[in-house]
1. If only one of 274, 247 is touching a strand residue (DSSP E or B) at 6+ places or on another chain (Cβ under 6 Å) and either at pLDDT 95 or above or closer than 26 Å to residue 75 by Cα (or both), which one is it?
2. Would you please name the residue that is farthest from residue 239 (Cα to Cα), looking only at residues in the range 140-176 that are outside any helix (DSSP H, G or I) and out of contact with any strand residue (DSSP E or B) (no Cβ under 6 Å at 6 or more places or on another chain)?
3. What are the residues in the range 12-27 that are at pLDDT 90 or above and part of a loop (DSSP other than H, G, I, E, B), if any?
4. Mind listing just one residue for me: the one in the range 179-189 that is part of a loop (DSSP other than H, G, I, E, B) and in contact (Cβ under 8 Å) with a residue 40 or more places away in the chain and, of those, nearest to residue 61 (Cα to Cα)?
5. Determine which single condition residue 215 fails, assuming it passes every other condition in (1) out of contact with any helix residue (DSSP H, G or I) (no Cβ under 6 Å at 6 or more places or on another chain); (2) in a helix (DSSP H, G or I); (3) within 19 Å of residue 31 (Cα to Cα).
6. Can you name the residue in the range 28-72 that is assigned to a helix (DSSP H, G or I) and in contact with a strand residue (DSSP E or B) (Cβ under 8 Å, 6 or more places away or on another chain) and, of all such residues, is surrounded by the fewest Cβ atoms within 10 Å (Cβ to Cβ)?
7. Would you check which residues across the range 115-148 are in contact with a helix residue (DSSP H, G or I) (Cβ under 9 Å, 6 or more places away or on another chain), modelled with pLDDT under 90 and more than 13 Å from residue 88 (Cβ to Cβ) and list them?
8. Is it the case, given these coordinates, that residue 260 is at pLDDT below 95, surrounded by 14 or more Cβ atoms within 10 Å (Cβ to Cβ) and more than 30 Å from residue 97 (Cα to Cα)?
């Protein structure tokens, strides 16, 4: 039975929330794990008090409602792991060492200062919002960054790694689908509806990517591969086809289901949600554990 989802609350909570939400199927019948690292909707009060941009502006960094779009995967034997915390507070799809030294009152040691994501202000603790404007009024204590990573980033990835290992033990392989949304401005000249990223074949067996692409095209979507998104930290960190772990990133255009100005669901939401369930069904029915393991 498909899990029920209540209307998400935007909570300003005093205590640290759980780092993730895990929806498990009644029976694990497929080696599939769906992950949504950017759909968290909880905004700690210290973020709101320190921010120089408005609340709705912060929310535009979310992959809004992507966790709900893929909720039906559990009805086809797959697990769904979703972030609870807002991406603006800590980005779970970044290497935890990607910290911008200019953001903090002390210089982080042993960090990846020079990565393109850090230089763009989009490290594990984002410096800028989706419009490129600075989020914080002042520098943050380095201890605050470490606390955010300890409370949210590490538990999320520990659970994700455990789910992958469980799938490998049960099925001989694991297929991770890392779920995201993209703004209309990111789609480029050819304006695909959906972009599949497998790091140009390095993170996922080509048969999995081809099956996902064919399934989505049959549903009427314009699909591109690896442009403009080839896969982020999650895809890069976990995608190891030679070790029977396959990671595929999916980016869905927000214009298909969301008003990007108000962040309200549009009439297209139900269709996209149903189609993502059909995608999960197609992947589950392909018996990937027999063809990949």
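The values are calculated or read from the model by the stated rules, or taken from the named source; none is laboratory data. Quantities reported herein were computed from a predicted structural model and do not represent experimental measurements. Methodologically, a virtual Cβ is constructed for each residue, glycine included, from the backbone with ideal geometry; neighbour enumeration extends over all protein chains shown.
1. None of the other options fit; the residue is 247.
2. Per the stated criteria, the residue is 141.
3. Answer for the range 12-27, where residues must be at pLDDT 90 or above and part of a loop (DSSP other than H, G, I, E, B): 19, 24, 25, 26, 27.
4. Going through the qualifying residues, I end up with 183.
5. Checking residue 215 against (1) out of contact with any helix residue (DSSP H, G or I) (no Cβ under 6 Å at 6 or more places or on another chain); (2) in a helix (DSSP H, G or I); (3) within 19 Å of residue 31 (Cα to Cα), the one that fails is (1).
6. Per the criteria, the residue is 50.
7. Matches in the range 115-148: 117, 118.
8. Taking the combined requirement at face value, the residue satisfies it.
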